[in-house]
Every structure is written in C-alpha cells, then in structure tokens.
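Only the coordinates and a few stated rules stand behind these numbers; no lab work does. Here the structure is a predicted model, which is why all the values come from computation and not from measurement. Virtual Cβ from ideal backbone geometry, glycine too; neighbours counted across all protein chains shown.
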Amino acid sequence: MRLRDRYSRQYIAKRIIGTLIVYIAAVVLIFVIPRLMPGNIAYDFVSRLIAENPHITYAKALNEVEAEYGLNLPIMNQFEIYIRNVVFTFPPNFGTSFEYLNDPAINIVMRALPFTLLLIIVSQIIAWGMGIFIGVELALRKNKRSDKTSVPILYLINSTPIFWLALIMILVFSLKLHILPAIVPFSYGSSITTIMYGMTLPIIIVVISTVPNHTLIIRSATIDFLKSDFVTALRAQGLKDSTLRMKLIRNSILPSITQFFMQFGYLIGGIFIIESLFSLPGMGTVIITAALEYDYPVIEAGLFVTSIVMILSNLAADLIYPILDPRVSYM
Amino acid sequence: MKKEDSMMSLLLHDMFFKIGFAIVGFFVAMAIISFFYLPYNPIASTGPLWSPPSFSHPFGTTASGQDLFSQWMYGSQPTLFVAFFSAFVSALFGIPIGLLAGYFKRADEPLMRFADIFLILPILPLLIVIATFVRPTNVSASIIIGVLSWPWMARTVRSSALSIKQSPYIEVAIMSGTPHLHIMKDIFVHILPLIISISIFSATGGILFLAYMDYLGVGPITSYAWGTTLFFAQTSNALYVGAWWWIVPFGISIGILAMGFSLIGYSVENAYRGVVA
Amino acid sequence: MTGNENVLEVRNLSVFYSSYGAQKKAVNSISFNLKRGEILGIVGESGAGKSTIGKAIMGIIDPPSYATGEIMFGGKNIIGMNNYRLNKIRWNKITMIFQASMNSLNPVQSIRSNFISILRDKMGIYDKSESEKRIDETLANVNLPTGVKDYFPHEMSGGMKQRILISLAMITYPEIVIADEPTTALDVITEYYVLSILKRTLKASGSSMIYITHDLPSVVFTADRMIVMKDGIIVEQGSTEDIVEAPKDEYTRKLVSTLNEVKN
C-alpha cells in the first residue's frame, strides 16, 4: 500500500470539514462570550480612561470608545464587522489593546506565540519520549513490584497542580539551592542564551508534570496490546527483546497521540499558568493579564490564536494518523 | 448477579482500591468533622503573624495570623463538593450524548463533531476569561467545569456503547424489535462500571480545575478551597518570605486527594475489564 | 518419508490454568511422540486442551498458569527453560502457524516488516537485497505474488493471510511446525488449497508438523498419525488409517461416525 493510497478522499474531506466547523464555532464563541458577560465591555476601560484624564466627561468618553470599537451598533452589525475583521482580514484585526493603546491586540499575541510554542514543543517532545520508554517498560513488568509502586506515584504527580510543583521547585532550586534563578527577564528580542536560560526551569517543571500522563496512557495501551493475538504470535517467534519493544512502541504511538490531543486543552491551561507564574512573555501571561485587566481586544485575540493553534495541531494529528495506522482512512 | 459479585471481590482484593478508598474516606471524614468542629475560625486572625508550625498552630499561620490547620480542614469541603458536583454535571451531559452517538449511527457524526468543538477549544483560558467577569460560586464553578469537560465522558461512553452494540445479544435484540430505549438501558447497565470509573476520573479533573481557578484568583474565592489558600500565599509572597508551611500541605493535599480518586477509578476500570474481557 | 527417530517426546504433560485464585487442569498428564517428517494430528472438541499443548511446546504459557512434566526436544526439557534458551528454539527450530481469523498479524505493520524482523533476529540476515530475495522466495512457495509484501493485514483475504502465516512459519526451515487451527475460518475450497500448499512446503523442508484442529476430515486429509483428545486427556492415538477404520474409544467412534455419515 503506497502512502498516498492511505489518504482516501473521503477521509481528507471529512477532516477538513470538521476543522472548518470547529473554526467557525471558535470564532462565534469568541464573539459571544464577552458579550454575554454582565455590563458593557467598555465600562471598565472608560472608567480607567477617566481616572487618567479627569477633564473628559464620562458620557463623552463612553461615546467615543463605543464608536471606536463599534459597541454602539446593533449586535448583528457588530457581528458582521467582527467577521469581516477576523475571518476576512489578514492578519485578523481585533482592534487595539485597551491597555497598550495604539498596539493592535493581534500583534501583542503574535509576539508571545513563539515562546508558548517553544515551551510546549520542547517539553512535550521530552515528556513523550520519556513516557514511551517508561510506559512500555512498566507494561512489560505489570503486576511486578516496580510497576505496582510506580502507578500510584505517577497518579500522584499527575494529580498535583502544576503551579504547586512550580512553587516547590522554585523554593528548592532557586531559593534554597540557588541553582537556577526563578525568574529570568527576557522578551521578544532577547538573545537565545538568555531565553534558554529563562526557559530551563519552566521546561523542567512542565516535563515533570506531564511525563506521568504520557506514561500512564502508553502503559495501558501496551498492556492491551500484550493481551492481543499478534503479540502472542510475536512472542512465539522468539524475537529479541529490543525488537519486541520497538514493535510495542510502534503500536502505542497511535493511542498516545490520540489521547494527547484529547487532553491538549488541559495541557495548554497548565502551560499558561506556568508562563504567568514565571512571567514568561508567552500567550498565557498575555491572556491572564488581559483577563484580569478586562482588556477585551487582547482577550479575544488571545483566545483566537490559542484556538487556531489547537485546531491546526488537531488537523495535523488527523493527517498523521494514516501514516501510523493504515486502517484509519477506511474507518 | 454473579458479574457484580466477582467485580466486588476483585475490588476488595485490590491494593490500589483500598489505598484510594482510604484517602478519599479520610478527606470526606475531615470535611464532615469540619462542619461541626474547627480548632480556630479559619478566616479570622487568631494567632501570631507568619508563625511556622507550632503546638497551638500545627500547620502554622498566614500573614494575617489565620490558622492554616483550620483552613486546611475547612478547605476540604469546597474541594470535595466541586469534585463530586462537577463530575455529576459532566456525567449528566456526557452519558446521554455518548449513548446516543454510540447507538444511533446517524447521530454519531454530528454529536461527536459537537464534542470535538469542546475538546479543541482552549478550555482553561476560556474558563479564566468567563470567571473574571462572573465571580463563580461553588455550584456555578462546578457547572462550568462539568459543561466544559463532558466530551471525555461522551467519547468513552460512545466507544464502549459502540462495541457492545456489535455484540450478538444486542444485535438480536435490535433485530427482534426491542424498543430502543430498552436496549440503551441495557447497554447503560452493562457499561455502568466503566461510567463510574470515568466519573471518578473526572472528579480528579474537577479538583485540578478548581485549583487552577482558585490559584489564579478567579475561583469561588470566599469558600477557601485549598487552591484559594495557595492564591493568598502567592499574593502575600509567602514563597520569598520562606513560609513553606503556607504552601506545602495544600498542594500535597490536592495531589493526594486527586490521586485517591484516580486510584479508585483505575481499579474499578481494571475490575470491569478483568470480569468482562 | 516418516523416519523412526523422535524429534519431540512429551511425557506426562499437565497444564494448570489459574485465574483469580481458581485453578483448572487444561491438560491432564498426556504423553506422545513426534517422529521426524511426520504429520501428527491432534483432534478434539473446543476446550479439550489441544491449543494448550501447542502453547506449552512454544513455552508461552504465562504465570500464574503453568505446565508440569517433560517436553523433550534435542535432549533438553522445554518446560522450565528460561526465556533466553527458549528464544534459541522458538522459530529457529520450532515454529507456529496461527489462525488467520485471529489477529495474528500486527495490524499497523506491512507484511514485509513481519518477515524482516524474523530474518534479522532469527537468521541474522540484515542485507536488504538478500532479505527481499528470501521473502520473494518464500511467498512464491505458498503461491503468493511478491507484491503482497507491501500489503497490510486488513487488505488481505483470510486465505491470503493464512498463506502468509504459513510462509512466516516455513521461512526458517524449522524442524517442527505447530499449526493451531490453521484453516478454521476458511471456506472449504480455500481450506484444502491451503492444506495442500502446507503439505507440499513441509515435504520440501522435511519438517514435522503437529496439526491441531477440531475438523476431522482435514486431519484425515493431512495427518499420518493422530491423537484424539477429550477433557484434557488422550482417549486414543495411532495411525490415522487405523483409527478411522477401527476406532476403539467411545468418543472416537462417535467422531468417526460423523465422517462416514458424510460419505454416505
């Protein structure tokens, strides 16, 4: 079966339509959620403006802000403008930030995106690699002491909030042992070494916190495989241990990727909190700060970009499946 | 009858189940006791400021002299409430949707696409955004968590319903014209242990979600769940003052309680697979 | 063809299955020999313990289940042998043909990779063109076109998969082949086609075979000698001809009578 044959037209069409549906849902939701919230989204911004510029009257400021952001228009017109600015403009236009005037919200978010991607990709490659090896190893030792003691420990780390792990790590490594600084200030233009230095502790924390999840998924997938007929056949073939392990790893990649993307939302949440805790200039810091300051344009842009990242990575995963499992295209 | 019996005996011989049950039981007992008895008022200043653990304050005190041991006991109430109630809400949506999708072929695609929307959306950031505008109570926080996390439940229920639907006895029932509702009830009863196991796992998720919200200061802050205590520790710079006692017990408790739930869920799932497969 | 030398001697083999504390004797103290080049059929209803014998010979009975007695191969007892030494026998000396209806082929790997891991681990053939040549040869032996090596299990029919499993078992020219219900899921025409291919390849390599099945006619077609099993014990053994002509045991008589009914 050639690789190209693994992609049935039906499969690709299904995935792309599915992706579009989720994209539309995300775009609509990002419009609706802030407008469902009690109060006009401009009030807070206006009161802040007045506090800084006492000579402006409230009514005048409100009028101007509403006109600027189109908030005085009927909701359907607002939606129309929103769709035109977000879906049919590139880069999407969410207006300028309430907090950093004159800076388009999307720029603020896009400057933060690389740091978030760096943190996710580096930590997850390490954690996934470790998870595969530990998971297969534990599955092969099922019911032995090493497996039985590992499982509760894995669940414990998996159940411990990532921010608390971070606090403890800072306490131990930064404040007591002085090995790594808790916070290394860096931003978009900093040198690679500064960035890597500042990223080290956050990456270690994300790895520690996510290895158990990868391990548990791969462990249980492998345990299922070990019961299957083809593994019995492989064992009867008397293959080398390393060959058998490689085959088990090969087979457990698919379920682990599926599970990973099902839990991607959780992971992003944890990553965002870690970013804000370490004041990394990533998306998490941007969104959390914006949310606490009611900076609507940035919140919307942040949620939009986060959704796009998740949607695209899910699509990518869908398109990788047929390579990992030739049956997928026909299911 | 026999199936349930052998599942129970499997569970009762399972070390993980016993550990998990003991952990959850301990914290439930603590929550109940804390309704009637607390050493100090957990939110009033009752001792010296920044006091490390001592005889009169076994977990030390906060920056404003609140007794942390009382806060710890008191905090088990909201934590457990949100764990159970959010799991209930997520089951309320996840089970019917999963069953329908697994049973009716025509409903499968649209329902699962609908679930995908929730899976692919950035839940926690969304939650943070919603919670900054609407200060949640324990009930509304549980509802938000449940509504945003039902797709996991739906997915698992769907795939097990789908595989049971293909078993001969269900196929015979369908062909002989047994009412759909009746067959779906049968499928439900059959996968009930699995549903219990996923619900317990989603209680774990509820505990962690609540902790995240509380820690960011967007949770139901007045109920003083463990995450809230950590939020106040953070805003008071407890870390840099060196007040480890304000941080250590609360995170460990969240982890241990959530692990207790996970171990129960894990052993229930194992027992189900051991008996059925 | 059949010599008098025993390649495998089974003495008082018992296998105990245990699950959740309860114990069951699947095979109860059985003894038999396998001669060089012969085909020995093992017949019996499902649950008679036939497949368990095959597993015991391959050494793949997992704890807490266990086997006792002797399975003598090359002067050594397979029971109680460690994994390292078992792996020197598995597929080098004794191979197994699984049921195609079971998912005995890895669903996510091509047929080629199934062969390649055996060629590498068991025969030390790492050279690419050499292994391609071997695969083509062995596929030709079971009348399959060389193109099937790029197939995945889900793309093949039951008969094709069964022939793949046969060629996987024959590629190392083993001394003994254990075939566990190799034709159960096939239609009758394909069944006899596959069986005749199997017989031909066995003859070519001079291997002995233990042919496990519940299907008496196929045993009559294939086996030189046969063993009839019921509830974990051997009720009768002897040459296929003798047993079919004059069955001694009550159960065997019933079994054989079905054969005659079909004939009439």
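Under a 10 Å cutoff between Cα atoms, tell me which one of A:Thr215, A:Thr258, A:Thr89 has the largest fluctuation in the Gaussian network model of chain A. Taking springs between Cα atoms under 10 Å, the residue moving most is A:Thr89.
Taking the helices alone, chain C has a mean residue ellipticity at 222 nm of -11500 deg cm²/dmol, built from -39,500 (n - 2.57) per DSSP H run of at least 4 residues and averaged over all its residues. Across peptide A:269-275, the mean count of Cβ atoms from other chains lying within 10 Å of each residue's own Cβ comes to 4.
As a test of the formula, what do you get for chain A when each DSSP H run with n ≥ 4 contributes -39,500 (n - 2.57) and the sum is divided by the residue count, at 222 nm and rounded to the nearest 500 deg cm²/dmol?
That calculation yields -24500 deg cm²/dmol at 222 nm.
Extending 7 Å from Cα along the Cβ direction at A:Asp229 and again at B:Asp108 yields two label points whose distance is 2.2 nm. Pop the C-beta distance of A:Met76 and A:Ile56 into the FRET formula with R0 = 35 Å and round what comes out to the nearest 0.05. In this case the efficiency is close to 0.70.
Does anyone have the angle between helix A:241-262 and the longest principal axis of chain A? Alpha-carbon axes, 0 to 90°, nearest 10? With rounding to tens, the tilt is 20 degrees.
If R₀ is 22 angstrom, what is the calculated FRET efficiency for the pair C:Glu245 and C:Asn12, using the beta carbon separation as r and rounding to 0.05? Step by step, r from the Cβ atoms, then E = 0.15. Based on the reciprocal of the average 1/r between different C-alpha atoms, the Kirkwood radius for chain A equals 23.0 Å. Dividing the summed helix terms, -39500 (n - 2.57) for each DSSP H run of n ≥ 4, by the number of residues in chain B produces a 222 nm estimate of -25500 deg cm²/dmol to the nearest 500.
The value given for the protein assembly as shown is a Kirkwood hydrodynamic radius of 31.3 Å, derived from the mean inverse Cα-Cα separation. Structural size metrics of the range A:106-293, computed from C-alpha coordinates, are Rg and Dmax of 19.3, 64 Å. Under the convention that each Lys and Arg Cβ holds +1 and each Asp and Glu Cβ holds -1, the size of the dipole of the protein assembly as shown around its Cα centre is about 1840 debye. Ignoring lysines fewer than eight residues from B:Lys185 along the same chain, the ones with Cα atoms less than 18 angstrom from its Cα are B:Lys3, B:Lys105, B:Lys165. Within the protein assembly as shown, DSSP assigns beta bridges of which about 55% are antiparallel (rounded to the nearest 5). Using the Cβ of C:Glu9 as centre and a radius below 13 Å, the other residues enclosed give a net charge of +2, where K and R count +1 and D and E count -1. Structure note, pairs A:Lys240/C:Lys203; A:Lys247/C:Lys55; A:Lys144/C:Lys88; A:Lys142/C:Lys50; C:Lys122/C:Lys203; A:Lys240/C:Lys128: Cα-Cα distances above 24 angstrom occur for A:Lys240/C:Lys203; A:Lys144/C:Lys88; A:Lys142/C:Lys50.
GNM on chain A, alpha-carbon springs under 10 angstrom: the most fluctuating residue among A:Gly18, A:Gly129, A:Gly189 is A:Gly189. A quarter of the convex hull surface defined by the alpha-carbon atoms of chain B gives 16.9 nm² as the mean projection. Over all other residues within a Cβ to Cβ distance under 15 Å of C:Gly206, the charged ones net out to +2, with Lys and Arg as +1 and Asp and Glu as -1.
With a simple spin-label model that places each label point 7 Å from the Cα along the Cα-to-Cβ direction, the separation between C:Phe221 and B:Leu181 comes to 5.4 nm.
Charge dipole (Cα centre; +1 on Lys/Arg Cβ, -1 on Asp/Glu Cβ; no other charges) of the range C:189-264 amounts to roughly 260 debye.
With a Förster radius of 56 Å applied to the C-beta separation of C:Tyr173 and B:Lys18, the computed FRET efficiency comes to 0.55. Taking a virtual spin label 7 Å from the Cα of B:Thr235 along the C-beta vector, which residues in the range A:261-279 bring their backbone nitrogen under 20 Å of it? The answer is A:273-279, whose backbone nitrogens lie closer than 20 Å to the label point.
The mean sequence distance of close C-alpha pairs (under 8 Å, at least 6 residues apart), as a share of the length of chain C, puts its relative contact order at 25 percent. The distance separating the Cα centre of the range C:137-209 from that of the range B:164-200 comes to 40 Å. Once you reduce the range B:203-259 and the range B:83-98 to the center of their Cα atoms, the two points are 25 Å from each other. Spin-label pair A:Ile153-C:Asp150: with each label point 7 Å from Cα along the Cα-Cβ axis, the two points sit 4.8 nm from one another. Residue by residue along A:165-174, Cβ atoms of other protein chains within 10 Å of the local Cβ number 3 on average.
Between 0 and 90 degrees, the angle of helix B:192-215 with respect to the longest Cα principal axis of chain B falls at about 30 degrees.
For chain C, a Gaussian network of Cα nodes joined below 10 Å ranks C:Ile164, C:Ile94, C:Ile61 by mean-square fluctuation, and the top entry is C:Ile61.
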